[in-house]
Amino acid sequence: MNTPQEPEWLAFTEAQPEAPGDGRAFGKLILAGEHAVVYGHPAIAAPLPALSALAWVVPGEEGVRITSEGYSEAATLETRQGPLAPLAEAARDALARMGIDPVALPPLHIQLASTIPAGSGLGSSAAVTVALVRALYQFFGFPLDPTILQEIATEAECIVHGTSSGVDPAAVSATGPIRFRKGEAPHPIPLTTSLHLVVADSGERCATAPMVRKVREAIERDPEAQKTLDALGVIAPRMESALVASDLAAVGTLMNEAHAGLARLGLSTPKLDAMAQAARNAGAWGAKLSGSGGGGVIVALTPREKAGAVAQQMQEAGATAVTYTRIP
Ligand code: MEV
């Protein structure tokens, strides 16, 4: 059997927690329904434990400071602008919901580190937010209700992306595949067969907000774009039935359909198309972009024995990093 090449992402060193208040969240994959989920359709998503974000709380020197690896500036609880503003908002919200008055707090330092590349469709912003909220609840010894976590993280995501269906926070805090619909609790999907997935990074980066805006503008001016979005919206229920029936060939076909629809909406790139096609040529049942698009990753569903060839072909098509994951 061909084995995937040493996956670069797994070689990243993960920061270790240094204090009792630590929280973690995973990366995420969307198998069906991105963008359509913003308009109330269901999506199917899963955590990607090969990549994760970590937050930990330690005694600080003055007030509450939030720092994140890769950002030189720190945030405080007063921060309302800049890249760390969503994290400051999540921290304010979490403290308020725990009934903690920030003025009465001892100095605290909330630190964040993540192996999830930003702008790659892997849920990086949702994961750091979920990790931060989990760390704060853990530090103060409060039980964290999943609905509260989802509400806090979705509000923070709205600051980052302009709008958020909540699928990313739900997926990065899940323990397995979920069906997600905006405003509803995530529904776990029971699997009787493992999914072998190869995730390949195009190296192209794109923020979520402009892609969500692009879709909104397209459906406002073009009835064909609306039809494409509606067609994307009915893929998730069909995929859920195929998953429950362990019909992985059908799941793959639906992933190909999803990629084609997303591409029609202008969300793919030549490199993503080439990587998806390379995965199919190497024997994957299906391959699609995952997340908001405009760059980021291709996720391919493959028979286990083809995983190595699929990884290799995607690398030859230009993937800058490849990892393999099995669910469950
Ligand atoms: C991003 O991972 C998924 C989108 O559907 C946005 C959202 O649902 O919040 C593009």
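Worth pointing out:
- Among (1) more than 14 Å from residue 31 (Cβ to Cβ); (2) touching a strand residue (DSSP E or B) at 6+ places or on another chain (Cβ under 7 Å); (3) modelled with pLDDT under 95 - the single one residue 176 does not satisfy: (1)
- Residue 108 passes every criterion in (1) in contact (Cβ under 8 Å) with a residue 40 or more places away in the chain; (2) under 27 Å from residue 216 (Cα atoms) apart from (2).
- Restricted to segment 228-328, the set of helices (runs of 4 or more DSSP H) holding at least 1 residues that are of a type in the set (Lys, Arg) and either under 20 Å from residue 203 (Cα atoms) or modelled with pLDDT of 95 or more (or both) comprises 235-244, 248-264, 270-281.
Yes/no per residue for (1) of a type in the set (Val, Ile, Thr); (2) in contact with a Pro (Cβ under 6 Å, 6 or more places away or on another chain); (3) farther than 29 Å from residue 41 by Cβ:
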position: 109; (1), (2), (3): no, no, yes
position: 121; (1), (2), (3): no, no, no
position: 139; (1), (2), (3): no, no, yes
position: 163; (1), (2), (3): yes, no, no
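- Remark: pairs (first residue in segment 221-232, of a type outside the set (S, T, N, Q); second residue exposed (fewer than 13 other Cβ atoms within 10 Å of the Cβ); Cβ separation under 7 Å; 6+ apart in sequence or on different chains) are absent.
- Single unsatisfied condition, residue 221 versus (1) over 18 Å from residue 39 (Cβ atoms); (2) surrounded by fewer than 18 Cβ atoms within 10 Å (Cβ to Cβ); (3) not acidic (Asp, Glu): (1)
- Restricting attention to segment 198-220, the residues that are assigned to a strand (DSSP E or B), within 15 Å of the chain's Cα centre (by Cα) and of a type in the set (A, V, I, L, M) add up to 2.
- Taking each residue of segment 146-159 that is touching a residue at least 12 places away in the same chain (Cβ under 8 Å) and looking for partners that are buried (at least 17 other Cβ atoms within 10 Å of the Cβ) and acidic (Asp, Glu) with beta-carbon atoms closer than 7 Å, six or more apart or interchain, yields 152/93; 155/89; 155/93; 156/89; 157/168; 159/89.
The values are calculated or read from the model by the stated rules, or taken from the named source; none is laboratory data. Note that the structure is predicted; figures quoted are calculated from it, not measured. All Cβ positions, glycine included, derive from the backbone under ideal geometry; neighbour counts span all protein chains shown.
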